[in-house]
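Every number here is computed from the coordinates shown, using simple stated rules; none is lab data. If you're wondering where the values come from, they're calculated on a predicted model, not measured in any experiment. Using ideal geometry, Cβ is built from the backbone for each residue, glycine included, and neighbour counts are taken over all protein chains shown.
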Amino acid sequence: MKPGPPEMLSGDGNSTQKWDSTSYQRDTGFVSVYGEDVLSWLEPQRGERILDLGCGDGVLTHKIIATGATVVGCDASQSFVDTARESGLQVDLMDGQALIYDGEFDAVFSNAALHWMLKAEDVIDGVRRALKPEGRFAGEFGGFGNVAAVSAAMRAIGRECNGDAALIGPWFFPTVEQYSQMLEMKGFIVEDITTFARPTPLPNGLISWLKVMCKPFFDQFGDRADEIYAKTEDALRPSLCDHTGQWFADYVRLRFRVKLA
């Protein structure tokens, strides 16, 4: 198995987003908790062979295995792959935009990973190649409008402080219409697709979330990074922090279930 480039989650050679499984589990472990509901759209069956695309630390991979399916995970982050393997999972270090599987899987599943892969058509092509005839693809990721308030605040502060706004992402947040069309053009039949707002509590506050999800943007400011974190928090407090002091991420999710024609 040829490994993908370590740590490059977007796969375009320009991403500086890196992952540490320890901080991810501590500050954003809720991602896997919310993802459990998506498994009902996958409907894994005993004896099936399933690919978990962008499996991260493997929490949901274990949930799929518990149904009796055989599961292979893949992720582009060495830290995630190491953690998942330590838990006993079979996981390949591979860029999701350059999958090399060929007709191996009854289904492909993905949760909270596809929005980091800017080459969405390459992802869909790779999924199609990986599936057996009549295979299915189900998952959830950020949809149009996801973290819009956070992005707007960072962009405004970046301009004010002479930062590079391109480091806010990279993210791919399509509309239902856009992603449906992309899937259909690649030979998939869309069985169900929807988008919905899901304001998500941040257990350790906004700044902890930013340090996991948006660290490259703040790192560019060097010694001023803490100041920029504080400015962003102040700007977002009126819209994302409630009267009790609970912070929320303004998530919008896109959930889908498709099968090969």
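Sorting check: for 78-90, 53-65, 98-110, which peptide has the highest mean count of neighbouring beta carbons within 10 Å, and how do the rest follow?
53-65, 98-110, 78-90
When we measure straight from the Cα of LYS231, which aspartates and glutamates land under 15 angstrom away, once same-chain ones fewer than 8 places off are left out?
Output for LYS231: GLU160, ASP219, ASP223.
Going by amide H atoms built from the backbone, whose H comes under 5 Å of the H on ASP92, apart from near neighbours?
GLY73, CYS74, ASP75
Out of all DSSP beta bridges with both ends in the chain, state the antiparallel percent to the nearest 5.
Percent antiparallel among DSSP bridges in the chain is about 55.
I need the peptides 168-175, 135-142 ranked by packing, meaning the mean over residues of other C-beta atoms within 10 angstrom, with the highest value on top.
Listed from highest to lowest mean packing, they are 135-142, 168-175.
Please report, in Å, the Rg and the Dmax of the chain, where both are computed over Cα atoms only.
Using the Cα atoms of the chain, the pair Rg, Dmax is 18.2, 56 Å.
For the chain, calculate the relative contact order in percent as a whole number, restricting contacts to Cα pairs under 8 Å that are 6 or more residues apart.
Relative contact order, the chain: 21 percent.
List the pairs from LYS119/LYS211; LYS63/LYS119; LYS119/LYS186; LYS63/LYS215 whose alpha-carbon separation is above 20 Å, in the order I gave them.
LYS119/LYS211; LYS63/LYS119; LYS63/LYS215
Report ³J(HN,Hα) in whole Hz for each residue of the range 185-198, in order, from the Karplus equation J = 6.51 cos²θ - 1.76 cosθ + 1.60 where θ = phi - 60°; Gly and Pro get x.
For the range 185-198, the Karplus curve yields 5, 9, x, 9, 9, 7, 8, 7, 7, 8, 10, 7, 7, 9 Hz.
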